[in-house]
Amino acid sequence: MKALVNKIIPFSAVDGPGNRTSVFLQGCNMNCRYCHNPETRKVCIGCGDCIEACPAGALFWMKDGNSRKVGYDPAKCVFCDTCIHICTHDASPRIQEMTPQETFDKVARQIPFIRGVTVSGGECTLYPEFLTEFFQICRDNGLGTLIDSNGTLDFKQYPELLAVTDGVMLDIKAFDETEHKTVTGISNGLVMENCRYLASLGKLYEVRTVVVPGLFDAEETVRKTAAMLRPYQKIQPIRYKIIAFRPMGVRKEYAGYPVPDSNLLESLAGIAREEGIGKVVII
Amino acid sequence: MVKMNNSKKRKDEIAMREISMERVNQTRQEILDIIESPILTHEQKVANMAGKADSLMEVLDLPEGLDELLNVPGDVKCICDLAEGHAPVRPRYIIPDYFKFMKEGSKFLQLDPPKDLYEALNSLLIFYKHVPSVTNFPVYVGALDELLEPYINDVDEAQAKKLLKLFMQHIDRTVLDSFSHANIGPRATKAGRLLLEVERELEQAVPNLTMKYEEGVTPDDFALLAVDTALHSAKPSFANHKMFKSELGENYVIASCYNGLLLGGGSYTLCRLILGNIAKRAKNIQDFKENQLPYVMDIMARYMDARIKFEVEESGFFENNFLAKEGFIHRDRFTAMFGMVGMAECVNILLEKEGISGRYGKDDNATQLGVEIMEQIDAFNKQHTNPYCEATGGHFLLHAQVGIAEDQHISPGTRIPIGEEPEELIDHLLQCSKFHKYFPSGTGDIFPIDTTVHKNPEFVLDIVKGAFRKDLRYLSFYSSDSDVIRITGYLVKRSEIEKLKSGQNVLQDTTHLGLGAEINGHILERKVR
Ligand code: SF4
Ligand code: SF4
């Protein structure tokens, strides 16, 4: 069983507590307007546009059974991101298919400097079996395990995965369902169900909302989400991370939203605290 | 007129060699330049003039061949004595036993043991003014947490904090040199916590500060407070307590830049091999290992022997100074530091001479060659003995020197040159882990940290824990946006460098070094993590 790995960041200070290795898997089932790494959304269709554009000769055609696919040589790559910018399919050619063990081998080098791993994306829960096996190996080696998710996997159906997961960091893109559809293209029914379910198990490490003035009502989202979580705080304290929209990396057609000012972010943090969140982080 | 009892007798014993009138006159010109300098403070002028006077002395029994390795232009110089002078009047680094002073007071200073926090702080401040060193300022101001803990509950917490704040401010404004070092840890104390809080608020360059850290001994919340303080004021640094303890015993301290030395002792001298320039003399790797390096090491060791002999047998320091007379220091707890710089340049030059590709810090073959050179230096040091280094088994201690402002194309110790750091911090740390173990008298690496880490100080603590498990010895962090920054081993304020650049004079002499290092050492271009 393999997953498409977009990249691995050896040391990350922003993907959960302490120092962690972050693994980014490829592919996503939402279409958030403010997505800041849209190249992780889809899987390469093999159009070949990026091969010609690469200035370093790091991309090439390779055989794939009877057909062909785009190959990538990390040794030649100069990480200019030309391929990502040129791709019109929200994909990246710099993807590696890896087994859980192969992925762990890339993590092991960071031991003992890290306390755990965080798997993110794209949407990493598109690969629940991969996650289960990968986390099991991480746990066996003394590492903590966190999932960064948009909440579209029905976690109830995956007890084996939850058994090896320390916690989930869950995006609440909007509390109101209609607004959620505007932001992401899909309903948030399952997201909210997951939110409560994970909280009730003490497996909800953090919820986070990206604040985009004009796109949805952030105040309502923060207030209602925090209030909804209040009864679960005694099981396991849940943090709220309030993230400012930034246009970096966002697709041109959606990059025009204003960046929220610090007053707005602070007032949202205040609301979260009022509603019983102990630790609020603004990023 | 002060009567010098010993002067007559000494003149008979010591051969003071003649020097040329030309050299005297050149020195007089240099003294005049110092007198007229617009940017030196009065104290800096006095210290520099004393150095010039000392430079006219010729009393040491110098090994043959030293001159062409020591007194030559920077690009060929192979041995550097870090301006210690020609007739050492005191050991380079002195580490008084402040615990003894707190317990017994001092006859010479006419001070009884302090009875409360007010007296403790006052006594220490008085004492500091009487601790000499190569910079004329104390390089060690004590394990402040443990020294003050017995008195910390004499007043309420707010007042204690206020007193500590004034105390630290007093040190910053009168001990005018960031090579001055305070220690904290490994155990958590109230005094330690208050000191960290105060330092976080003050954002001062002096004193330098190290937390002795040991996983399991130092509680996380105390260590995290230290990280938080470091992200505000570039200190404390973290010392691998377990490692230092295993080499030097419990009674070690961190002084000056990051030097592990014995409490109640110190270091007679510190000289350094400039490895890159030694590599220039070599035809190839074999010639370097078999001829050039052993030749230079031998001369440097014998030069250090000569310096130590003069300090111990001739200078009278250990007989006459009150620190020794009252037992705050003991001659037999001193050692000497056998230093080196420029490993990166050395390895790169040698690989180039061999026509082998590979860069120090990037490639495994370069790391491997570096390790082989360290093994050779270590082996040399272990077989060289000095009768006055009994505290450290009769040997010097290896030291990865941090560089001086004039250094050009010379990287500190075994550090990877700024601008060539590995892309990933993990690779940087793993490279460091191969080298730190050789240097009980100090080495260290410095990492500017991105400001997002302010939200996650555990990130830094995890790295410290991992690093110390991997045999790293000493780590410093500072936030990429802070005013106080770490130059090489010492701290300066960016704002003070700017003042100096614009021609104003500044209080602390290390700001001058910082300016030189900014220009020659590119320290503002370190890779942010
Ligand atoms: S990454 Fe994008 S541009 Fe490159 S082949 Fe795949 S779909 Fe085409
Ligand atoms: S980032 Fe993409 S375009 Fe740039 S060198 Fe690497 S593969 Fe080629």
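The values are calculated or read from the model by the stated rules, or taken from the named source; none is laboratory data. Note that the structure is a prediction, hence the values are computed from the model and not measured. When we count neighbours, we look across all protein chains shown, and the Cβ atoms used for this are built from the backbone with ideal geometry, even at glycine. Accessible surface areas use protein heavy atoms only, side chains included; no ligands, DNA or RNA. Shrake-Rupley method; radii C 1.70, N 1.55, O 1.52, S 1.80 Å.
Brief remarks follow.
- Residue satisfying condition, being open to solvent by 40 Å² or more (accessible area, probe 1.4 Å), at pLDDT 95 or above, under 24 Å from residue B:412 (Cβ atoms) and not hydrophobic (A, V, I, L, M, F, W, C), within set B:272, B:302, B:307, B:281: B:281
For every residue, the table says whether it meets (1) open to solvent by 20 Å² or more (accessible area, probe 1.4 Å); (2) out of contact with any Cys (no Cβ under 6 Å at 6 or more places or on another chain); (3) of a type outside the set (Gly, Ala, Ser); (4) farther than 30 Å from residue B:466 by Cα.
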residue	(1), (2), (3), (4)
A:3	no, yes, no, no
A:10	no, yes, yes, no
A:19	no, yes, yes, no
A:29	yes, yes, yes, yes
A:33	yes, yes, yes, yes
A:38	no, yes, yes, yes
A:61	yes, yes, yes, yes
A:66	yes, yes, yes, yes
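- Residue within segment A:231-238 that is closer than 16 Å to residue A:174 by Cβ and of a type outside the set (Val, Ile, Thr) present: no
- Subset tally (residues that are surrounded by fewer than 16 Cβ atoms within 10 Å (Cβ to Cβ) and in a helix (DSSP H, G or I)) for segment A:249-263: 4
- Residues of segment A:40-52 satisfying the condition of being touching a strand residue (DSSP E or B) at 6+ places or on another chain (Cβ under 8 Å) and either within 14 Å of another protein chain (Cβ to nearest Cβ) or within 11 Å of ligand 1 (Cβ to nearest atom) (or both): A:43, A:44, A:46, A:48, A:50, A:51
- Matching residues, segment B:310-351, being buried (at least 22 other Cβ atoms within 10 Å of the Cβ) and outside any helix (DSSP H, G or I): B:328, B:329, B:334, B:335, B:336, B:337, B:338, B:339, B:340, B:341, B:342
- Every condition in (1) in contact (Cβ under 8 Å) with a residue 40 or more places away in the chain; (2) out of contact with any Gly (no Cβ under 8 Å at 6 or more places or on another chain); (3) within 16 Å of ligand 1 (Cβ to nearest atom) holds for residue A:27 except the one numbered (2).
- Of the set (1) surrounded by fewer than 22 Cβ atoms within 10 Å (Cβ to Cβ); (2) within 11 Å of chain A (Cβ to nearest Cβ); (3) not aliphatic (A, V, I, L, M), all apply to residue B:395 but (2).
- Test for residue A:60: is it within 29 Å of the chain's Cα centre (by Cα), within 8 Å of ligand 2 (Cβ to nearest atom) and hydrophobic (A, V, I, L, M, F, W, C): no
- Taking strands (runs of 3 or more DSSP E) as the structural unit, those lying wholly within segment B:446-529 and holding at least 1 residues that are crowded, with 21+ Cβ neighbours inside 10 Å, hydroxyl-bearing (Ser, Thr, Tyr) and modelled with pLDDT of 75 or more correspond to B:474-479.
- Considering residues of segment B:401-443 that are of a type in the set (Gly, Ala, Ser), in contact (Cβ under 8 Å) with a residue 60 or more places away in the chain and at negative phi only, the residue farthest from the other protein chains (Cβ to nearest Cβ): B:405
- So residue A:270, is it open to solvent by 40 Å² or more (accessible area, probe 1.4 Å) and away from chain B (no Cβ under 14 Å): no
- Residue ID - farthest from the other protein chains (Cβ to nearest Cβ), chosen from residues in segment A:91-119 that are more than 16 Å from ligand 1 (Cβ to nearest atom) and among the hydroxyl-bearing types (Ser, Thr, Tyr): A:99
- Residue pairs whose Cβ atoms lie under 8 Å apart, sitting 6 or more positions apart in sequence or on different chains, and linking a residue in segment B:219-239 that is closer than 12 Å to residue B:208 by Cβ to a partner that is open to solvent by 10 Å² or more (accessible area, probe 1.4 Å) and assigned to a helix (DSSP H, G or I), are B:233/B:200; B:233/B:202.
- Failed item in (1) open to solvent by less than 30 Å² (accessible area, probe 1.4 Å); (2) touching a residue at least 40 places away in the same chain (Cβ under 8 Å); (3) part of a helix (DSSP H, G or I); (4) not aliphatic (A, V, I, L, M), with residue A:230 passing the rest: (1)
- When A:103, A:99, A:152, A:118 are checked against the criterion of being surrounded by fewer than 24 Cβ atoms within 10 Å (Cβ to Cβ), away from ligand 2 (no atom under 16 Å from the Cβ), at pLDDT 95 or above and under 18 Å from the mean Cα position of the chain (by Cα), A:152 stands alone in meeting it.
- In segment B:444-483, residue farthest from the chain's Cα centre (by Cα) [restricted to those that are charged (D, E, K, R) and within 12 Å of another protein chain (Cβ to nearest Cβ)]: B:455
- Test: residue A:176 is closer than 23 Å to residue A:257 by Cα and either within 16 Å of the chain's Cα centre (by Cα) or modelled with pLDDT under 95 (or both): no
- Scanning segment B:148-188 for residues that are open to solvent by less than 60 Å² (accessible area, probe 1.4 Å), assigned to a helix (DSSP H, G or I) and closer than 29 Å to residue B:43 by Cα gives B:163, B:164, B:167, B:168, B:171, B:172, B:174.
- Hey, residue A:94 open to solvent by 10 Å² or more (accessible area, probe 1.4 Å), within 16 Å of ligand 2 (Cβ to nearest atom) and either aliphatic (A, V, I, L, M) or under 30 Å from residue A:56 (Cβ atoms) (or both) or not: yes
- Single unsatisfied condition, residue A:88 versus (1) more than 14 Å from chain B (Cβ to nearest Cβ); (2) under 29 Å from residue B:454 (Cβ atoms); (3) loosely packed, with under 14 Cβ neighbours inside 10 Å: (2)
- Pairs are defined by a Cβ separation below 9 Å, a sequence spacing of at least 6 or placement on different chains, a first member in segment A:71-85 that is in contact (Cβ under 8 Å) with a residue 40 or more places away in the chain, and a second member that is more than 6 Å from ligand 2 (Cβ to nearest atom) and open to solvent by 90 Å² or more (accessible area, probe 1.4 Å); no pair meets this definition.
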